[in-house]
């Protein structure tokens, strides 16, 4: 089973009870959820419950509530945020059940779910390179140069100075690249 298709499409199919779509969502997010759970389960709690148990419970909750029409998502980012939130809530619930008072933050301090599972894997890097190659092919020469300098760590002001254009021009190019990536990953 391939997990191809946008997150929104898979979610809509899953709401209708499509098992293949449910499998696609599972395949797309299970490993990341496991890493998130592993990172947030303390040593004491890990003696009683492991990340596999958490992930299994998260998906059971997610699929049951999705079929009941309790959730709506806009894109893969909102689906990931929802799954991450369910995961962190589940860990807190387990900690309370065992009276461990685990400190599991709701967010990263900026109001966003703490969702990064750690450093990217080699497979993540390959996927990103493929995506960027396709993206670069759609850019004009200035856009390619802006992207190259951004990846090298130059600031918007530094890039504007090197390319002899305004910061707003650089921001427009970066916004266009961001929109292209968003459309690609939805």
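Coordinate-derived values only; no laboratory data. Model, not experiment: these values are computed from the prediction. A quick note on method: Cβ atoms are made from the backbone with ideal geometry, for glycine too, and the neighbour counts reach across all protein chains shown.
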Cut-off 15 Å, label 7 Å out along Cα→Cβ of residue 56, residues of segment 24-50 by amide N: 34, 48-50
Sequence-separation-based contact order of segment 122-185, relative, with Cα cut under 8 Å and 6+ spacing, percent: 28
Label zone at residue 18 (point 7 Å along Cα-to-Cβ), backbone N below 19 Å, segment 64-91: 64-80
Projected label distance in nm at residue 182 and residue 31, using a 7 Å step from Cα toward the beta-carbon: 2.7
Segment 7-97, relative contact order in percent, only Cα pairs under 8 angstrom and at least six apart counted: 39
Virtual spin-label span in nm between residue 174 and residue 65, 7 Å along Cα→Cβ: 3.5
Rounded if a/c under 1.5, otherwise prolate or oblate - segment 7-97, Cα gyration tensor axes: prolate
Extension gain from residue 97 to residue 154, taking 0.36 nm per residue of separation minus the Cα-Cα distance: 15.7 nm
Segment 145-160-segment 1-65 distance, computed between alpha-carbon centres (Å): 37
